[in-house]
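Engineer: Sharing a structure, written as structure tokens. Questions coming.
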Protein chains: 4
Amino acid sequence: MTDRTRPTRTDYSAWRTATTRWADDDVYGHMNNAAYFEIIDTAVNAHLVEAGVDVRSLPAIGIVAEVSCRYFEEMGFPAPVDVGLAVERLGTSSVVYRIGMFQGQGDQANAEGRFVHVYVDNTVTGGRRPVVPVPPEVRTVVEALATPEQ
Amino acid sequence: MTDRTRPTRTDYSAWRTATTRWADDDVYGHMNNAAYFEIIDTAVNAHLVEAGVDVRSLPAIGIVAEVSCRYFEEMGFPAPVDVGLAVERLGTSSVVYRIGMFQGQGDQANAEGRFVHVYVDNTVTGGRRPVVPVPPEVRTVVEALATPEQ
Amino acid sequence: MTDRTRPTRTDYSAWRTATTRWADDDVYGHMNNAAYFEIIDTAVNAHLVEAGVDVRSLPAIGIVAEVSCRYFEEMGFPAPVDVGLAVERLGTSSVVYRIGMFQGQGDQANAEGRFVHVYVDNTVTGGRRPVVPVPPEVRTVVEALATPEQ
Amino acid sequence: MTDRTRPTRTDYSAWRTATTRWADDDVYGHMNNAAYFEIIDTAVNAHLVEAGVDVRSLPAIGIVAEVSCRYFEEMGFPAPVDVGLAVERLGTSSVVYRIGMFQGQGDQANAEGRFVHVYVDNTVTGGRRPVVPVPPEVRTVVEALATPEQ
């Protein structure tokens, strides 16, 4: 039904920390499944922004075509989360990222997200926007991610 | 990369409405991809609760093993969302749901979520909890969902 | 320390319903205090949008100068919330709203928000934007709210 | 209408960092007013937890009687937020906290929250729970906060 292979820290090439929030935990006392997607989304966009890509004002924007998360071991408030980012595939108009989330010192991911960005023309408003190539500024950043330093 | 087959209203057997929130929309002026998962999660849990299953106090609880969403056409504040629920698979210890989201009168889904619940022993605390069979109360409700009324 | 006078349904002049979400409830099993603000914010903006005010494209936008919520009786998933809206004060550049939230059939509010919008020039970007008069389209809608039908 | 006195960093005695999320920003391109309350709530609860108070399993829990936020200068994704915590008042059954939020190097707060916790008996379920004294473990932590080091 599901790939239960659990990623480890070496599967990712860029890292950041996400702090958790009291509101992330649901009545079961662990982080609600929807809250992980706020961390996943942030990992991708913050990496692009901090690499100098102004994701808000480019004529092409990445919209999410599909996103998923596999949960291996629960996380929760208040410890922070180590977030690893990797590129699975860089296509003409799309980028597929993998985002590993780790809480504590363990080497195995608590969860892994898979995030598919498709670039569309943001100068068209209303209705569905035409798909366009990944902008060169984004492509440069993504290519660097795809090749972890040796 | 992704199944782009777009579901329609007849693919779902139970319905509810979710109101949208100003905070659901992100800087691009459409519902943020993470907000859809709050609607997906709610569709499953509210259906169980309203069918009489006390999901908070059963000795076994459904934890999310995997969840995903495919986005076909953007939605956003302030219109409400029609949310359809269907069962893809009922296993010994797990249930796979599909959740269709529709905004406006169209017959084609704006987005579809796939939500995998695995039941674990909630009387065990700390660490990973053993997988247990789907509780009979839940099974009854899910079986009714899996067979749309003719 | 706090005004504990509990409002009733007759204190509000416009109504809408907000559905609750599984993720709204925190580990204590009731709606997290932050989630109420998503409902408060939505009540104001949805009222304006549905009255024909395009809050996204006006040259002046209402930014929140202050917001608060008093909690009288807990609410939670999955029941919907009746949301009442009233105007406390309409000034030259600001509007103060009161938002009552009711869950169930009771006449007394579960919670009341107080929301202060100040209008600023949205054609200026970066830094602090100059305060401007409440736009005429907004003023008309707010004046209608301030005078409940007799 | 509102106290517009803007606090500075010396007004707070305990500090933490909160990372921001892409989903925190709304269509106006700044952090949505509701998102601040997730940071406010977290500042109080994380401080208690990290000081050794198990806020989830005490027989008395702090419920929010009132919370507010004054906004002085917008914040937004992706920079982190410095969060300062102070105690305004420690009563028999309640604690009033002030939470200052700063983004960037400035000395003046971008926003300040005021958060009122009232302790209630968590061993009673259903309906309104009786107010009880602030638990001794909490009182000790709060008293330490109320007296910044000289």
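Engineer: With (1) within 13 Å of chain C (Cβ to nearest Cβ); (2) part of a loop (DSSP other than H, G, I, E, B); (3) in contact with a helix residue (DSSP H, G or I) (Cβ under 9 Å, 6 or more places away or on another chain) as the list, and D:ARG6 as the residue in question, which single condition is left unmet?
Structural biologist: Evaluating D:ARG6 over (1) within 13 Å of chain C (Cβ to nearest Cβ); (2) part of a loop (DSSP other than H, G, I, E, B); (3) in contact with a helix residue (DSSP H, G or I) (Cβ under 9 Å, 6 or more places away or on another chain) leaves (3) as the failure.
Engineer: Residues in segment C:21-43: is at least one part of a strand (DSSP E or B) and either within 14 Å of the chain's Cα centre (by Cα) or in contact (Cβ under 8 Å) with a residue 12 or more places away in the chain (or both)?
Structural biologist: As a first pass, look at segment C:21-43 and keep what is part of a strand (DSSP E or B): C:25, C:31.
Now drop any that are not either within 14 Å of the chain's Cα centre (by Cα) or in contact (Cβ under 8 Å) with a residue 12 or more places away in the chain (or both), which leaves C:25, C:31.
So far as segment C:21-43 goes, yes, one or more of its residues are part of a strand (DSSP E or B) and either within 14 Å of the chain's Cα centre (by Cα) or in contact (Cβ under 8 Å) with a residue 12 or more places away in the chain (or both).
Engineer: Restricting segment B:123-139 to residues that are exposed (fewer than 13 other Cβ atoms within 10 Å of the Cβ) and either farther than 18 Å from A:TYR28 by Cβ or of a type in the set (Val, Ile, Thr) (or both), which is modelled with the highest pLDDT?
Structural biologist: Within segment B:123-139, the first condition is being exposed (fewer than 13 other Cβ atoms within 10 Å of the Cβ), and the residues that meet it are B:123-128, B:130, B:136.
Now restrict to residues that are either farther than 18 Å from A:TYR28 by Cβ or of a type in the set (Val, Ile, Thr) (or both): B:123-125, B:136.
Details: B:THR123: 84, B:VAL124: 77, B:THR125: 68, B:PRO136: 95.
Here the answer is B:PRO136.
Engineer: Right, here's the next one. Checking the condition of a type in the set (Lys, Arg) and closer than 30 Å to B:TYR119 by Cα, which residue from A:ARG56, A:ARG129, A:ARG98 passes? Give the derivation first.
Structural biologist: Details: A:ARG56 fails: closer than 30 Å to B:TYR119 by Cα; A:ARG129 fails: closer than 30 Å to B:TYR119 by Cα.
Selected residue: A:ARG98, the only one of A:ARG56, A:ARG129, A:ARG98 that is of a type in the set (Lys, Arg) and closer than 30 Å to B:TYR119 by Cα.
Engineer: Could you tell me whether C:ASP107 is touching a residue at least 40 places away in the same chain (Cβ under 8 Å), away from chain D (no Cβ under 12 Å) and touching a strand residue (DSSP E or B) at 6+ places or on another chain (Cβ under 6 Å)? I'd like the intermediate steps shown before the answer.
Structural biologist: Details: touching a residue at least 40 places away in the same chain (Cβ under 8 Å): yes; away from chain D (no Cβ under 12 Å): yes; touching a strand residue (DSSP E or B) at 6+ places or on another chain (Cβ under 6 Å): yes.
Yes; evaluated as a whole, the condition is true for this residue.
Engineer: Also, quick follow-up: Assess whether D:GLU74 counts as being outside any strand (DSSP E or B), out of contact with any Asp or Glu (no Cβ under 6 Å at 6 or more places or on another chain) and within 12 Å of chain C (Cβ to nearest Cβ).
Structural biologist: Answer is yes for this residue.
Engineer: If you don't mind, another one. Among (1) surrounded by fewer than 24 Cβ atoms within 10 Å (Cβ to Cβ); (2) more than 7 Å from every other protein chain (Cβ to nearest Cβ); (3) out of contact with any Phe, Trp or Tyr (no Cβ under 6 Å at 6 or more places or on another chain); (4) under 21 Å from C:TYR28 (Cβ atoms), where does D:ARG56 come up short?
Structural biologist: (2)
Engineer: Scan segment C:80-116 for residues that are assigned to a strand (DSSP E or B), in contact with a Pro (Cβ under 9 Å, 6 or more places away or on another chain) and surrounded by 15 or more Cβ atoms within 10 Å (Cβ to Cβ) and report the count. Let's see the steps before the verdict.
Structural biologist: Keep residues of segment C:80-116 that are assigned to a strand (DSSP E or B), which gives C:81-90, C:94-102, C:108, C:111-116.
Those still in the list that are in contact with a Pro (Cβ under 9 Å, 6 or more places away or on another chain) too: C:84, C:86, C:98, C:100, C:108, C:112.
Within this subset, residues satisfying the condition of being surrounded by 15 or more Cβ atoms within 10 Å (Cβ to Cβ) are C:84, C:86, C:98, C:100, C:112.
Number of matching residues: 5.
Engineer: Cβ-Cβ distance below 6 Å, separation of 6 or more or different chains: which pairs start in segment C:79-94 with a residue that is within 12 Å of chain D (Cβ to nearest Cβ) and end on one that is basic (Lys, Arg)?
Structural biologist: Between residues of segment C:79-94 that are within 12 Å of chain D (Cβ to nearest Cβ) and residues that are basic (Lys, Arg), the close pairs are C:GLU88/C:ARG98.
Engineer: Would you pick out the residues in segment D:34-50 that are over 14 Å from D:PRO80 (Cβ atoms) and either more than 10 Å from chain C (Cβ to nearest Cβ) or of a type in the set (S, T, N, Q) (or both)?
Structural biologist: D:VAL44, D:ASN45, D:ALA46, D:HIS47, D:LEU48, D:VAL49, D:GLU50, listed by residue number.
The values are calculated or read from the model by the stated rules, or taken from the named source; none is laboratory data. Only a predicted model underlies this, so the values are computations on that prediction, with no experimental measurement involved. Backbone-built Cβ (ideal geometry, glycine too); neighbour counts: all protein chains shown.
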